[in-house]
1. Please enumerate the residues belonging to the stretch 339-350 that are over 19 Å from the mean Cα position of the chain (by Cα) and crowded, with 20+ Cβ neighbours inside 10 Å.
2. For residues that are without any contact (Cβ under 8 Å) to a residue 60 or more places away in the chain, assigned to a strand (DSSP E or B) and over 17 Å from Met56 (Cβ atoms), tally how many sit in the stretch 76-107.
3. Is there a residue in the stretch 645-661 that is open to solvent by 10 Å² or more (accessible area, probe 1.4 Å), out of contact with any Leu (no Cβ under 9 Å at 6 or more places or on another chain) and within 29 Å of Ala58 (Cα to Cα)?
4. Just name the residue that is most open to solvent (accessible area, probe 1.4 Å) out of those in the stretch 232-251 that are touching a residue at least 60 places away in the same chain (Cβ under 8 Å) and out of contact with any Phe, Trp or Tyr (no Cβ under 9 Å at 6 or more places or on another chain).
5. If you scan the stretch 699-758, which residues turn out to be open to solvent by 50 Å² or more (accessible area, probe 1.4 Å), within 24 Å of the chain's Cα centre (by Cα) and under 30 Å from Gly303 (Cβ atoms)?
6. Could you please let me know if Ile423 is within 30 Å of Ser345 (Cα to Cα), out of contact with any Pro (no Cβ under 6 Å at 6 or more places or on another chain) and open to solvent by 30 Å² or more (accessible area, probe 1.4 Å)?
7. Residues of the stretch 372-401 being surrounded by fewer than 18 Cβ atoms within 10 Å (Cβ to Cβ) and not hydrophobic (A, V, I, L, M, F, W, C), which ones?
8. Kindly provide the set of residues from the stretch 190-225 that are modelled with pLDDT of 95 or more, open to solvent by less than 40 Å² (accessible area, probe 1.4 Å) and of a type in the set (S, T, N, Q), ordered by number.
Amino acid sequence: MTHFTRLGVVLVAILFSTGIWAQSTVLEEITVTAQKREQLAKDVGISITTFSANQMDALGFESSTDLIAYTPGVSMAGDIGGQRAIFNIRGVVQNDYADLAEAPVAVYVDGGYLASTQAQTFGLYDIDRVEILKGPQGTLFGRNATGGLVNTVTARPTEELEGYFELTGASFQQIRLEGALSGPLSESARARFSFMSNQQDEIYNNIYNGSDAQGFAGTPGGGEDTYNDDTIAVRAQIDFDIGDKGNLLVIANIADTTKSEGPYQVTSTTEVRNANGEAIDVIPSSDDPMNCDIIQAGACIDGNGDGSATRPVVGGSFWGDVDPDGSGPNVNKDFAFDDQNRIKSKGILIEFNYEIEDILFTSVTDFKNFTRVIGLDSDQTARAGLIFQSDGDTDQISQEFRFSGKTDRINWVAGAYYLNIDIDFTQGLAESKAGVVDDFALLGLEANTITNLATESYSIFGQMDYALSDTWTLVAGLRGTQENKDFEGTVDFFLNNDDRKIETDTFLFSIDQLTADNDEFLWSGKAQLEYSPDDASLYYFGINRGVKAGSFNAPLFGGLSPYDEEVLYSFEAGSKLTLMEGRARLDVSAYYYDYNDYQSFSFRNNSSVVTNEDATYKGIDIALFANPTDSLDLQFGVSYIDAKVKGLQIASDIFEDTTPPFTPEWQFSGLARYNWNAFGGNLAAQVNGSWKSEYYFSAKNFTAHLYDDSYTFDARLTWSDADNSWNVVGFVDNFTDEIQPLIGFDVSGFYGTSQISYTRPRTYGVLLRRHF
């Protein structure tokens, strides 16, 4: 036997030794606060998916939206080429990109509400857990939790000195640093400091050479590579004991992100109009044998005023510009800068808890500010056409006072909540200074929608769990909210002096103005029965009423107008079962939603509107977690939804039932993780993946707005030393390099194209983590 053979035998013996010490990843018992009190997730009568810090590390989550692929019934919407992503839970989504719009899925961090949809996309660092609650949660969490809730809880200061440091190096020159230091300041005070930095070079290679297909120059200084990230975030916490019954926690955070303009690509699409000139469909240009600019009543018509009703290049825009390689890494666009978009956030949260005999009093005071400056190439080609810009500044203050307690039969919580949001939001389209003046009616000017929305919301709430017997529990809750909104908006024209900035100082004239208020009383309620015959099973059936407040449309080119609140009645039944003598857990929930005045967002040709429609949804979510042997973890998820928005107006005489956008009928996800002792520690090999069926990116469900089914698979190999002080991880994300569309915006009537963003290409890297 050679030395190499002996060495191989020794290595095999080490690698496959049977002394397994690693704990299960998927069956971890997680304590949640889904009902404003601490409970194990398996004991909560809500369809809830939870991720602990260990689980998120195992899955390699870096962003809040990474959770989506592994949560049954949850998908992603968004804009800015995916730089802003929005949670869609069971088809409940509003993809309005205006900062005025709050999402129907409420997102909380450490008990503080994130009013800005941009704030829903944030880096995950030093997190204790994330809870994703499905179905209306308005009784305890307020008026904008119609679809559900995403509750993120960061790691808290500790009694003992501890911390960690993590370094990731990956494709596209990504360097990600993350760390935390926690420990005592005195016998009655503790502190924790956390940080995250992510630097990633551009994914897309811009081949722009200074002019478009017709030889016209584009935006000066543009044409840079795109799809990057430069983020830094810091969080500091101090936790004080107040006697032996009280506690004061102060959390301060700040984050600053710089990115390229929105990393869309372009695809050629053709608008189909009826005889009245109303769009009734949009098709891929490849499906049009006539190569029309626009099809109206079966014939080609001129789309850009150049005297020709057909396109100069098959599969190109009105001016003959084409995408270089479809969904590949090459783009060709003039308005492209690697530092165009800037997003900032900062906040301070103060939580005070004090026990008064058998009652716990909690006060949560929260201050937040979000700002963003966004720009993107509206046509996504080398043509010096229209440039989209938006600036937003959101200030919010909230205060919650809450009392909770329990008796032999009752767990209860009650409180009052105040929320103040002040939003300054401006968005506009400018014709590039290098543009051809006869391309668009803007004639080299800039049209900006300038708005302010002030919201004050007051609510009182209460919920109780009443034990009818040892096995039956009645849950009942109610919340009343008085909400007052004051809106001011104007649509003004300005001289465009700088393609990269929104102009507000070169006013010329106004075309639309609106000053209005929207004062309304909103209420949410819950009634539910739960049956738990033993510690291994829970069954529940509930009726929920959720509500999302009305607001205002503030589109480009005018049309300032209000829209109504939406009301969702949810009927849901579910079970949570512990199986295989504690080695498996099965969660199943089935639901029926009856929507009144669903807020449906439609976008076409650089204009958007929210309308109120009725809708019905029905579906089922299933999640299975198993640890069949000490060394094997398995996790599977599946969801099905049949969702219909009723009678959406397509044209003046056409009303159709449609599917809500970004809502695939089927979704599957799975994970397999096997670990064994090796090299003086533990090795874990993991494969995880997800698949979703086709879905539309637009409410009107036009032909070209349908995205095909798609999948992604990731692989990870993790080594940990014997006391888990060191972790080394090698990973490949999207290892099949499946490139599929995610988000789209249709601008066929303007350019003969649509904007489209794609999944990230295959990414590989190494992570090193040190715990102390």
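The values are calculated or read from the model by the stated rules, or taken from the named source; none is laboratory data. None of these values were measured; they are calculated from a predicted model. Every residue, glycine as well, gets a Cβ built from its backbone with ideal geometry; the counts of neighbours run over all protein chains shown. Only protein heavy atoms, including side chains, enter the accessible area calculation; ligands, DNA and RNA are left aside. Shrake-Rupley method; radii C 1.70, N 1.55, O 1.52, S 1.80 Å.
1. Residues satisfying the conditions are Gln340, Gly347, Leu349.
2. 5
3. no
4. Within the stretch 232-251, the match that is most open to solvent (accessible area, probe 1.4 Å) is Ile238.
5. If the condition is that a residue be open to solvent by 50 Å² or more (accessible area, probe 1.4 Å), within 24 Å of the chain's Cα centre (by Cα) and under 30 Å from Gly303 (Cβ atoms), then Leu706, Asp708 are the ones that fit.
6. no
7. Hits for the stretch 372-401 are Asp395, Gln399.
8. Within the stretch 190-225, Ser194, Ser197, Asn198, Gln200, Asn206 meet the criteria.
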